[in-house]
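A.B. asks: Sharing a structure below in C-alpha cells format, with a few things to ask.
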Amino acid sequence: MTLAGQRILLVHGLMGEVMAALRPIGIDYMHGLATWLREEGAHVAVAKLPTAEPIIRNALALRVAIAAEPRPPLIIAHSKGGLEALAALMEPETADRCAGFIALQSTFFGSPIADLVTTTPVFDGTAMSLTRLLKIGSGEGVRDLTTARRGAWMTTHAKAIAALLTQIPVVCVATTVLTKGAHGRDRAYAIAAAWMQARGAGPSDGLVPVSSAIIPGAKSLARQGSHLACVSGGPGRDPVQNLKDALAVLG
C-alpha cells in the first residue's frame, strides 16, 4: 500500500489514552507509529474514544469517525480497539468507507486475564474504580474482553465477518512474548504468558493468546514480543518494523 496521501485512523486499546498522555515522561504508545506514518506522507488521526466503555458503544462512535473522514481510511487498531473496529465494520456501509484494517494484538476471542480480573471480586472492583478515576469510561469494556463474551460475539457474527474479509483487506498481527529473558516491562507480560500457557491458553503476548488475536480466514502475521511489541518502542521491540511487515501482507 502506498502511504503518501493515505488517511490513517489509529484506534487505541484499553487505557490507550492514558498511556498516550504519558509521552512527556518518555512513554511511547503508538506515537512512534504515527510519526513514521506521517514521515511516509500519510494523514494520521486518532479515534477519540473512552477506552473502558463497552465495545458496541465505541464501535458506534467509530462508525461516525470513519464516515467523517474525507477519504476511506486505513484502520490500525491495537488490542481492544481492534474489537471496536471489527464491530464498526459489521455495517457494510462503514466497510465500504474503509481502505483496510490492521489489528495489532487484538483480543477477538477474549483473554484469560480478563476472565481472572472479572471473576475475582477484589480485581474486578479495583478495575471498575480505576476506570472511573481515570475517566476513561464505565469499565464495562473490561468485562467485554472475557472469553465467554467474545466467543459468543464471534460466533454470532461469523457470517458477517466472513463477508467483511471478502470486502476489504484485513491483517491480524499476533505476538508471543519470551517467557525467559524478557526485558524491562516485558517481564510482567512474560509472567502472565507463562500463567496462561500453564492453563491451556497456548502462547500469548502476556495478555492476548495468539489463537485469540487471529480472525479465522484473515491474513495474519506472527512476531515475537509482549503486548507492547506493536505499539511501544523499547529493548527487543520494533513496532515500526512490525507495522511495515503488516502493511506488506495487507498489500
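The values are calculated or read from the model by the stated rules, or taken from the named source; none is laboratory data. Because the structure is predicted, anything quoted here is derived from the model rather than measured. A quick note on method: Cβ atoms are made from the backbone with ideal geometry, for glycine too, and the neighbour counts reach across all protein chains shown.
A.B. asks: Just the residues that are in contact with a Leu (Cβ under 7 Å, 6 or more places away or on another chain) and surrounded by 14 or more Cβ atoms within 10 Å (Cβ to Cβ), please, taken from the stretch 13-45.
C.D. replies: Correct list: Val18, Met30, Leu33, Ala34, Leu37, Glu40, Ala42, Val44, Ala45.
A.B. asks: Another question about this same structure. For the stretch 217-241, how many residues are closer than 29 Å to Ala158 by Cα and either surrounded by fewer than 23 Cβ atoms within 10 Å (Cβ to Cβ) or among the hydrophobic types (A, V, I, L, M, F, W, C) (or both)?
C.D. replies: Total meeting the criteria: 12.
A.B. asks: For the stretch 178-205, how many residues are closer than 13 Å to Arg237 by Cα and modelled with pLDDT of 95 or more?
C.D. replies: Qualifying residue count for the region: 1.
A.B. asks: Please state which of the following conditions Gln197 fails to meet, knowing it meets all the rest: (1) in a helix (DSSP H, G or I); (2) within 20 Å of Gly13 (Cβ to Cβ); (3) touching a strand residue (DSSP E or B) at 6+ places or on another chain (Cβ under 8 Å).
C.D. replies: All conditions pass for Gln197, except number (2).
A.B. asks: Looking at Ala77, Ala127, which is the one that is of a type in the set (A, V, I, L, M) and at pLDDT 95 or above?
C.D. replies: One residue alone meets the criteria, Ala77.
A.B. asks: Provide a single number: the residues in the stretch 86-145 that are among the hydroxyl-bearing types (Ser, Thr, Tyr), under 23 Å from Leu228 (Cα atoms) and either free of Cβ contacts under 8 Å to residues at least 40 places away in the same chain or in a helix (DSSP H, G or I) (or both).
C.D. replies: Residues that pass the stated criteria total 3.
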